[in-house]
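The values are calculated or read from the model by the stated rules, or taken from the named source; none is laboratory data. Since the model is a prediction, treat every value here as computed from it, not as a measurement. Because the Cβ atoms are built from the backbone with ideal geometry, glycine has one as well, and the counts that use them run over all protein chains shown. For accessibility, only protein heavy atoms count, side chains too; no ligands or nucleic acids. Shrake-Rupley method; radii C 1.70, N 1.55, O 1.52, S 1.80 Å.
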Amino acid sequence: MEDLVRPTVVIVGRPNVGKSTLFNAITQSRRAIVGDEPGITRDRIHASAEHEGRPFELIDTGGIVPDDQQLIPSEILRQARVALEKADQIIYLIDGRTEITGSDRDLARLLRQLGKPVTLVVNKIDAPVRESLATEFWEMGFAHLFAVSAEHRIGLQELLDHITASFPVTESPTVDPAAQATQIKVAIIGRPNVGKSTLLNALVGQERSIVTPIAGTTRDAVDEAVVHQGVEYVFVDTAGIRRKGKTKLVAEKLSVVMARRHIRMANAVLHVIDGEEGPVDLDATIAGYAHAEGRPLILCVNKWDLVKDRNKTAYLQRVRDALRYLDYAPVAFLSAKDGAGVNQLFGLIKRGWDAACKRVTTGELNRFFEPLQTDLNTRIRYVTQVSIRPPTFIVFKDGTRPLHFSTERHLINQIREHFGFAGTPIVIKARTKPGKPKREKR
């Protein structure tokens, strides 16, 4: 894949110096969460970027405090080291409105030991009168220094000219529609601390997300691509979704908004359930977001190795009772920590995606429904499929009364069973056929 040979640029710096703002400005997106609270970004976030025909991979790391031994800060440093090892260029970002600190100097020493090109970027210089603030940072000893305002996009052109000067210029590749069709974007959702990040790491075969026993470790959405049997799966690990009353910090509220946004952008969804605790009311709410968006859904019972009574039949019934409206969603029993049962998810995702994209001709539908009329409490004139993802059908019927819920469920079940729409929601819309129905000949 071409993306794998792109030069890599890594942004590092202490917490709250504007790394995510710079990342979003360079990528021209809102990929990373931005807020006033320090430490919002924890995992490393990456995206493709381009400057003057020079494509590159940009990585945003969590705020680094070199000597902080607490669990999450030390994990952030470890994740940053992974990114720095593959870096072709490093942007060391500093807040131009603060004085140089001991942590700044420690991080500078750490970066010099890597022996890689480092550019010191002094951020929050948003007016000419503030440019003098940047001069004191020359004493950090780096050969290249740029004053910018990431928020106002000041100085980015000069910075990117310097950073990408040695990168190769490439022509924009022609997009192959067939190749695009083989990519499936999958959102991993669930409550905090149910094992979403551990599952991402198991799926991609590396420690891509920070994993700790602390609930709410993931705030940004972290994504990674994996090719399995000729299909590219892009997994997005989203922040744990809490109840509204439990979400107090601005960063966590933004995380929930972003998680729901990633569900809308996904082609399929893995909903992770804590196997020890079992499905709870909040699981029904969270999975409901994916159902409402019409996304193929797989229910992943994680930590199955820790469940004392591993009777799958009884447990499956427990899941179905708690999530009654998701009877179409397959249930996978797995342990993300040791990888047991993880590989089955690729096939389940592909099956759900294929079902969501499936089309049935009007002729096939009506030939199938003709003998079913005696089982319905409403006379159906004809049925047609109008769209996919999710599969949506319009039922033209007699009478002006709305289609009864039981009739709608019966139609959905019959369509799913006969035409193979496994793993995906189905939408039925009722319409009244214009004109009076013809009398049947006796």
Inset, instruction - Name every residue in the stretch 348-361 that is surrounded by 14 or more Cβ atoms within 10 Å (Cβ to Cβ) and either in a helix (DSSP H, G or I) or not hydrophobic (A, V, I, L, M, F, W, C) (or both), in order of residue number. - result: Leu348, Ile349, Lys350, Arg351, Gly352, Trp353, Asp354, Ala355, Ala356, Lys358
Legend entry - When residues of the stretch 232-248 are limited to those that are among the aliphatic types (A, V, I, L, M) and modelled with pLDDT under 85, the one nearest to Val186 (Cα to Cα): Ala239
Inset, instruction - For the stretch 90-106, name all the residues that are over 25 Å from Phe167 (Cβ atoms) and either outside any helix (DSSP H, G or I) or in contact with a strand residue (DSSP E or B) (Cβ under 9 Å, 6 or more places away or on another chain) (or both). - result: Asp95, Gly96, Arg97, Thr98, Glu99, Ile100, Thr101, Asp104
Inset, instruction - Specify the residue that is farthest from Ile94 (Cα to Cα); the eligible residues are those in the stretch 110-139 that are open to solvent by less than 50 Å² (accessible area, probe 1.4 Å) and either assigned to a strand (DSSP E or B) or at pLDDT 90 or above (or both). - result: Val118
Inset, instruction - Check Pro391 against each of (1) modelled with pLDDT of 90 or more; (2) within 25 Å of His291 (Cα to Cα); (3) of a type outside the set (Ser, Thr, Tyr); (4) open to solvent by 30 Å² or more (accessible area, probe 1.4 Å) and name the one condition it does not meet. - result: (4)
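I need the full set of residues from the stretch 3-51 which are of a type in the set (Ser, Thr, Tyr), at pLDDT 80 or above and not in a strand (DSSP E or B), in order please.
Ser20, Thr21, Thr27, listed by residue number.
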Legend entry - Conditions (1) open to solvent by 60 Å² or more (accessible area, probe 1.4 Å); (2) of a type outside the set (Gly, Ala, Ser); (3) at pLDDT 85 or above; number of the one not met by Ile263: (1)
Inset, instruction - Take the stretch 162-180 and flag every residue that is at pLDDT 90 or above, open to solvent by less than 70 Å² (accessible area, probe 1.4 Å) and either over 15 Å from Pro55 (Cα atoms) or not small (Gly, Ala, Ser) (or both). - result: His162, Ile163, Thr164, Phe167
Inset, instruction - Out of the residues in the stretch 216-231 that are part of a strand (DSSP E or B) and of a type in the set (A, V, I, L, M, F, W, C), state the one that is modelled with the lowest pLDDT. - result: Val222
